[in-house]
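Visitor: Below is one structure. I have some questions about it.
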Amino acid sequence: MAADRKRVAGPESSVAPLVEYPIDYQSWTPFTETRHDSHRQPEDLRPIYLKTGLISEANGSAYIELEKTKLTCGVYGPRPVKRAGQGFSDRGTLNCEIKFATFSCVKRRGTMRDAQEKELSQILSQGLTPAVRLELFPKSNVDIYITVLESDGWGSCIAAAFTVASVALAHAGIEMLDLVAGCSASYIPTSIPSSASTSESTSESSEGAGSITPQIFMDADLEEEKFQQGSIVLAYMPSLNQTTHVLQTGKAEGAIISQSVEHCVEACNKIFAVMNHALLESIDQK
Amino acid sequence: MPSLISPAERDYILKGIECNIRADGRQRPDYREVILETGVISQTSGSARVRLAGGTDVLVSVKADIGPVLVDPETGEGADKGQIICNVECAPSASQQFEGRGADELNNELTQMMTRFLSHNTTSLTSASSTTAPSSTTSHNSNGAGGINLSKLCIIPGEQCWILYVDALVLDYGGNLVDAVFMGTRAAIFDTRIPKTEVQDLGDGNFDFEVLDDAEDTEIVEGREDMPICVTLNKIGARHIVDASPLEELCTEAKLVVAVNRSGELCGLQKGQDGGIEPSLLLEMIQFGKTLGQTLIKQLDAKIKAEADADMVKRQNGQPVVKLGFFAQ
């Protein structure tokens, strides 16, 4: 396999440099009473900074920041499909591509799109398509390119991707039925099973995590996600009251899922207000 | 298999589902007949073949291999765990739309779904293949969502472990691939036998191990009963159906895959296709999928057990255990 000649690899025995933590650094655990960011409650989202017009070349663009999670989005379209001989379609198509910048995560990511990013791209297309009026531009294609500049929590990245893509689509002037807001939540156990030391209870805890009910932490960041038992990402259209995407991983009881879906829907309504504000501001700028 | 559907056909299916009558006579919550057989491929550690009466045919194989442990550079986890690496491939012969690179997107989607529901490793974002480092949380959660006890697959902590390569091959497409793949995986894992290993302490922190070659004395995969299976619910109109045929899949507005294990815990949820679902309907569908999934697991386990018992009886009587072969009904 041809090596990447643009980059100089170190000798074979080299290891990645360690991040130096201060001497009194204590990594966060969920067994304290606070979240990683002590100013936040379990139901609080991180403050969102959302602005349009970042990319001058694009028809529409937006930038979102959830404290340390930063994403940009550029929308190009509607433009004609490259190979018109593919067959006539009376609906336009939405092509979404998400790419994590190589420096965005703790471990360096590859330059080419990997399988995970391809799947996320598909998920984003599926989550945004219900909102866009594709029947208004047949034989055309709308391209959405999302770049994750910094990732602080996997769930928050996907949720932010939905949000920033919707705002960019609206900024591009593409007619939509509704904006799609994205929100994530994590199920984190906040107490160690009290009977972990006795032998009879190891059989209890080995049945699965059903013995401890995890707490729902909205918009968890990377440190908090390390302790999660499961997570949920929800994309929701607030005006139409429809979820366009739901992705849940990890084990959870049915009751927790119902609760977290309700919390996420509430949070999406709040995010909707922020999205509207950003779009109104962009009109004032023009 | 057609990738287009006429408006008349679509309307027929839609109206039929409203009246709880599907095109093949089933009702909305009915599954097609499932033919399941384990131990069909001799070169594997475990295998299973699932056939749904509409034509879906999936072959799942599990190969146990020895390899180095995968340690998450961030958390340091994984040094005492084995790995499960999943891959799903749709054979180009399975359907006209799978020819050439047509199946790439579907393969990737199914592979990622399997990895997500069986290994619960989504919080670590890796740059390489579909494998992701184990990201277990506290010590009591070493099972992960897939239920399989990864710690038991470790041979020498920090060095060598068992890696289970789960490969699913879709031989024929008749709708509802996800459910068939997961059913096959559960059966294949049940059928999997891992050779025993003997670890010798050479002193100085060095270990060596030997794989015992006894075909009779093997280990099962621990935690296999807690493996989830999936129920795919397709929303068509205002109703939802399970086990969609290809034409019904083309009419689907939104698809919800619910992964549930035998205790009723949800191990995963993924929505697909280009439609929206109201939150109340979403919760209803989740509940429905959960109940159906648990029933399905019971029936599946009963069948697998019956087959294993019958094989055991044959072996004890000295009769050869003959599998039915690929064309048998």
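The values are calculated or read from the model by the stated rules, or taken from the named source; none is laboratory data. Just so we're clear, the structure is a prediction, and the values are computed from it rather than from any experiment. Reconstructed Cβ throughout: ideal geometry from the backbone, glycine too, with neighbour counts over all protein chains shown. When the accessible area is computed, the model is the full protein with side chains, heavy atoms only, and any ligands, DNA or RNA have been set aside. Shrake-Rupley method; radii C 1.70, N 1.55, O 1.52, S 1.80 Å.
Visitor: For residues that are of a type in the set (Val, Ile, Thr) and open to solvent by less than 10 Å² (accessible area, probe 1.4 Å), tally how many sit in the stretch A:213-236.
Guide: Residues meeting the conditions: 2.
Visitor: While we're here: Within the stretch B:299-311, does at least one residue satisfy the condition of being in contact (Cβ under 8 Å) with a residue 60 or more places away in the chain, out of contact with any Ser or Thr (no Cβ under 7 Å at 6 or more places or on another chain) and closer than 22 Å to residue B:117 by Cα?
Guide: Checked the stretch B:299-311: at least one residue is in contact (Cβ under 8 Å) with a residue 60 or more places away in the chain, out of contact with any Ser or Thr (no Cβ under 7 Å at 6 or more places or on another chain) and closer than 22 Å to residue B:117 by Cα.
Visitor: Right, here's the next one. Could you please give the count of residues in the stretch A:258-286 that are over 20 Å from residue A:46 (Cα atoms), open to solvent by 20 Å² or more (accessible area, probe 1.4 Å) and either away from every other protein chain (no Cβ under 14 Å) or of a type in the set (Asp, Glu) (or both)?
Guide: Total meeting the criteria: 6.
Visitor: So for the stretch A:21-29 (the condition being of a type in the set (A, V, I, L, M, F, W, C), assigned to a loop (DSSP other than H, G, I, E, B) and touching a Phe, Trp or Tyr at 6+ places or on another chain (Cβ under 8 Å)), does at least one residue qualify?
Guide: No, the stretch A:21-29 has no match at all.
Visitor: Can you name the number of the only condition in (1) touching a Lys or Arg at 6+ places or on another chain (Cβ under 6 Å); (2) open to solvent by less than 10 Å² (accessible area, probe 1.4 Å); (3) modelled with pLDDT of 90 or more that residue B:165 fails?
Guide: All conditions pass for residue B:165, except number (2).
Visitor: Going through the stretch B:29-77 one residue at a time, which ones are crowded, with 16+ Cβ neighbours inside 10 Å, of a type in the set (Gly, Ala, Ser) and more than 18 Å from residue B:182 (Cα to Cα)?
Guide: The one that is crowded, with 16+ Cβ neighbours inside 10 Å, of a type in the set (Gly, Ala, Ser) and more than 18 Å from residue B:182 (Cα to Cα): B:64.
Visitor: Another question, then. Quick check on the stretch B:242-253. Is at least one of its residues open to solvent by 10 Å² or more (accessible area, probe 1.4 Å) and within 9 Å of chain A (Cβ to nearest Cβ)?
Guide: yes
Residues checked against (1) of a type in the set (A, V, I, L, M); (2) open to solvent by less than 40 Å² (accessible area, probe 1.4 Å):
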| position | (1), (2) |
| --- | --- |
| A:107 | no, no |
| A:126 | no, yes |
| A:151 | no, yes |
| A:155 | no, yes |
| A:158 | yes, yes |
| A:169 | yes, yes |
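Visitor: Within the set of pairs 6 or more residues apart or between chains, which connect a residue that is free of Cβ contacts under 8 Å to residues at least 60 places away in the same chain inside the stretch A:117-139 to a residue that is basic (Lys, Arg) with Cβ atoms less than 7 Å apart?
Guide: Once the first residue is free of Cβ contacts under 8 Å to residues at least 60 places away in the same chain and sits in the stretch A:117-139, its partners that are basic (Lys, Arg) give A:117/A:99; A:134/A:91; A:135/A:91; A:138/A:91.
Visitor: Restricting to the stretch A:237-251, and then to whatever is open to solvent by 10 Å² or more (accessible area, probe 1.4 Å) and touching a Pro at 6+ places or on another chain (Cβ under 8 Å), can you tell me which residue is nearest to residue B:147 (Cα to Cα)?
Guide: A:242
Visitor: Look through B:298, B:290 and report the one residue that is facing chain A (nearest Cβ under 10 Å), assigned to a helix (DSSP H, G or I) and among the charged types (D, E, K, R).
Guide: Values: B:298 fails: facing chain A (nearest Cβ under 10 Å).
The match here is B:290.
Visitor: Something else now. Does residue B:223 satisfy being over 26 Å from the mean Cα position of the chain (by Cα) and over 30 Å from residue B:28 (Cα atoms)?
Guide: Criteria not met by residue B:223.
Rundown of residues vs (1) in contact (Cβ under 8 Å) with a residue 60 or more places away in the chain; (2) more than 19 Å from residue A:170 (Cβ to Cβ); (3) surrounded by fewer than 17 Cβ atoms within 10 Å (Cβ to Cβ), yes/no style:
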site: A:37; (1), (2), (3): yes, yes, yes
site: A:50; (1), (2), (3): yes, no, no
site: A:55; (1), (2), (3): no, no, no
site: A:62; (1), (2), (3): yes, no, no
site: A:72; (1), (2), (3): yes, no, no
site: A:83; (1), (2), (3): no, yes, yes
site: A:87; (1), (2), (3): no, yes, yes
site: A:90; (1), (2), (3): no, yes, yes
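Residue-wise test of (1) part of a loop (DSSP other than H, G, I, E, B); (2) more than 23 Å from the chain's Cα centre (by Cα).
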position: B:15; (1), (2): no, yes
position: B:25; (1), (2): yes, yes
position: B:36; (1), (2): no, no
position: B:42; (1), (2): yes, no
position: B:86; (1), (2): no, no
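Visitor: Would it be correct to say that residue A:179 is buried (at least 18 other Cβ atoms within 10 Å of the Cβ), modelled with pLDDT of 90 or more and not in a helix (DSSP H, G or I)?
Guide: yes
Visitor: Since residue B:81 meets every condition but one in (1) in contact with a Phe, Trp or Tyr (Cβ under 8 Å, 6 or more places away or on another chain); (2) open to solvent by less than 50 Å² (accessible area, probe 1.4 Å), which condition does it not meet?
Guide: (1)
Visitor: Residues being open to solvent by 10 Å² or more (accessible area, probe 1.4 Å) and part of a helix (DSSP H, G or I): count how many of those fall in the stretch B:95-109.
Guide: The number of residues fulfilling the criteria is 8.
Visitor: Next question, about the same structure. Please go through the stretch A:233-257 and pick out each residue that is facing chain B (nearest Cβ under 7 Å), in contact (Cβ under 8 Å) with a residue 40 or more places away in the chain and more than 14 Å from residue B:281 (Cα to Cα).
Guide: Of everything in the stretch A:233-257, those that are facing chain B (nearest Cβ under 7 Å), in contact (Cβ under 8 Å) with a residue 40 or more places away in the chain and more than 14 Å from residue B:281 (Cα to Cα) turn out to be A:237, A:247, A:250, A:251, A:252, A:253.
Visitor: Mind listing whichever residues of the stretch B:253-298 are touching a residue at least 40 places away in the same chain (Cβ under 8 Å), of a type in the set (A, V, I, L, M, F, W, C) and within 22 Å of residue B:13 (Cα to Cα)?
Guide: B:257, B:277, B:281, B:285, B:288 - these are the residues of the stretch B:253-298 that are touching a residue at least 40 places away in the same chain (Cβ under 8 Å), of a type in the set (A, V, I, L, M, F, W, C) and within 22 Å of residue B:13 (Cα to Cα).
Visitor: Ok, one more. More than 7 Å from chain A (Cβ to nearest Cβ) and modelled with pLDDT of 90 or more: does that describe residue B:278?
Guide: no
Visitor: With the structure loaded, tell me whether residue B:93 is among the polar types (S, T, N, Q) and at pLDDT below 90 or whether it fails that test.
Guide: yes
Visitor: Residue check, residue A:217 against (1) within 12 Å of chain B (Cβ to nearest Cβ); (2) assigned to a strand (DSSP E or B), all met but one. Which one?
Guide: Of the numbered conditions (1) within 12 Å of chain B (Cβ to nearest Cβ); (2) assigned to a strand (DSSP E or B), the odd one out for residue A:217 is (1).
Visitor: A further question follows. Against the condition closer than 30 Å to residue B:235 by Cβ, open to solvent by less than 30 Å² (accessible area, probe 1.4 Å), facing chain A (nearest Cβ under 9 Å) and touching a Ser or Thr at 6+ places or on another chain (Cβ under 8 Å), how does residue B:264 come out, does it pass?
Guide: no
Visitor: Scan B:220, B:241, B:229, B:236 and give me the residue that is farther than 26 Å from residue B:298 by Cα, out of contact with any His (no Cβ under 9 Å at 6 or more places or on another chain) and among the β-branched types (Val, Ile, Thr).
Guide: Within the list B:220, B:241, B:229, B:236, the selection yields B:236.
Visitor: Got a number for residues in the stretch A:95-127 being closer than 18 Å to residue B:254 by Cβ and within 9 Å of chain B (Cβ to nearest Cβ)?
Guide: Summing the residues that are closer than 18 Å to residue B:254 by Cβ and within 9 Å of chain B (Cβ to nearest Cβ) in the stretch A:95-127 gives 6.
Visitor: Please verify whether the stretch A:14-26 includes one or more residues that are more than 22 Å from residue A:105 (Cα to Cα) and either free of Cβ contacts under 8 Å to residues at least 24 places away in the same chain or not basic (Lys, Arg) (or both).
Guide: Among the residues of the stretch A:14-26, at least one is more than 22 Å from residue A:105 (Cα to Cα) and either free of Cβ contacts under 8 Å to residues at least 24 places away in the same chain or not basic (Lys, Arg) (or both), which makes the answer yes.
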